[in-house]
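The block underneath contains the structure these notes are about, expressed in structure tokens.
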Amino acid sequence: MKLLAKLILAFGANILALLAAVYFIDGVTVSRDPKGFLTVALLLTLVNLVIRPIAKMIFSPLILITLGLFTIVINAGILYIVDIYLPEIAIIGLIPLILTTLIISAVNVLAKLIAKII
């Protein structure tokens, strides 16, 4: 049950983060079709839950050396993989990729804090 709640919370946070990124950042487009948008959010959620912990474990020495800043690179790489894999999302340029990564990371951190409070 906890895994399902975690999955739903992460999925909702990624939906909100993608909406914010599309609204605030030029160079980020996501399909206006609800099915395409939900596909992007679902794949991003699954990649974050499966690949991100593995990448953080592999790159833990770099994360320690950079005092945690390398997690931004890991998150940007994950978002770039989703961008390459799905035609429903397009991020044009490095600056929009980094800004989108920061927005998604911030929304996910807030969602986890809210989950701990509730």
Counting only other residues whose beta carbon sits under 15 Å from that of Leu62, what net charge do I get with K and R as +1, D and E as -1?
+2
Through the Karplus equation 6.51 cos²θ - 1.76 cosθ + 1.60, θ set to phi - 60°, convert the phi angles of region 85-96 into ³J(HN,Hα) values in whole Hz; use x for Gly and Pro.
6, 10, x, 6, 10, 9, 10, 9, x, 6, 5, x
Rounded to a whole number of µm²/s, how large is the Stokes-Einstein D of region 32-117 at 20 °C and 1.002 mPa s, given Rh as the Kirkwood radius over C-alpha pairs?
155
What is the chain's relative contact order, in percent, from Cα pairs under 8 angstrom and six or more apart in sequence?
39
Phi-derived 3J(HN,Hα) across region 103-118 with the Karplus relation (6.51, -1.76, 1.60, θ = phi - 60°), rounded Hz, x for Gly and Pro, is 5, 5, 5, 5, 5, 5, 5, 4, 5, 5, 5, 5, 5, 5, 5, 7
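Quick one: how many lysine pairs in the chain have C-alpha atoms under 14 angstrom apart, if they're 8 or more apart or on different chains?
Value for the chain: 4.
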For Leu86, what residues show an amide H to amide H distance below 5 Å, using hydrogens built from the backbone and excluding near sequence neighbours?
none
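Any read-out appearing in this document is the output of simple, stated calculations on the displayed coordinates, not a laboratory observation. Keep in mind that this is a model prediction, so the values were computed, not measured. Neighbour counts run over all protein chains shown; Cβ positions are idealised from the backbone, glycine included.
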